[in-house]
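First up is the structure itself, then whatever we jot down about it.
The values are calculated or read from the model by the stated rules, or taken from the named source; none is laboratory data. Since this is a predicted model, take the numbers as computed values, not measurements. Methodologically, a virtual Cβ is constructed for each residue, glycine included, from the backbone with ideal geometry; neighbour enumeration extends over all protein chains shown.
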Amino acid sequence: MFESHSNENGVEQCILVYQKYFFRNSNYAALTAVIDNLLGTTKVTAVVTGGSGSLFTSWDWGAAGDWLEEFSEGFTKYIIKE
């Protein structure tokens with residue numbers, strides 16, 4: 001796990017990096033999130049990526065999408081539609 005917090009010109013930003021092991025595909029995945037402007041309208045950008053331990057089966061069986069959905073659900077009550 002890695003977390004970085006910065007405050008430049010009144011704009012606060014967090015960078016979060018997490019790693020998780022998935023049994024369904026026997027691989028690790030990494031989630032990177034950038035959270036900008038914590039004091040105003042906040043923008044959250046998240047990306048999940050992973051690797052395969054096998055040369056022949058490089059798909060993730062939906063693990064990355066499930067983890068991204070789980071992460072995003074934490075923000076759903078705060079989303080403002082423009």
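Within the stretch 44-82, the residues that satisfy the criterion of being surrounded by 11 or more Cβ atoms within 10 Å (Cβ to Cβ), among the aromatic types (Phe, Trp, Tyr) and either at pLDDT 75 or above or under 12 Å from Ala33 (Cβ atoms) (or both) are Trp67, Phe71, Phe75.
Taken together, the criteria place Asp36 among residues that are within 17 Å of Ile15 (Cβ to Cβ), of a type in the set (Asp, Glu) and at pLDDT 80 or above.
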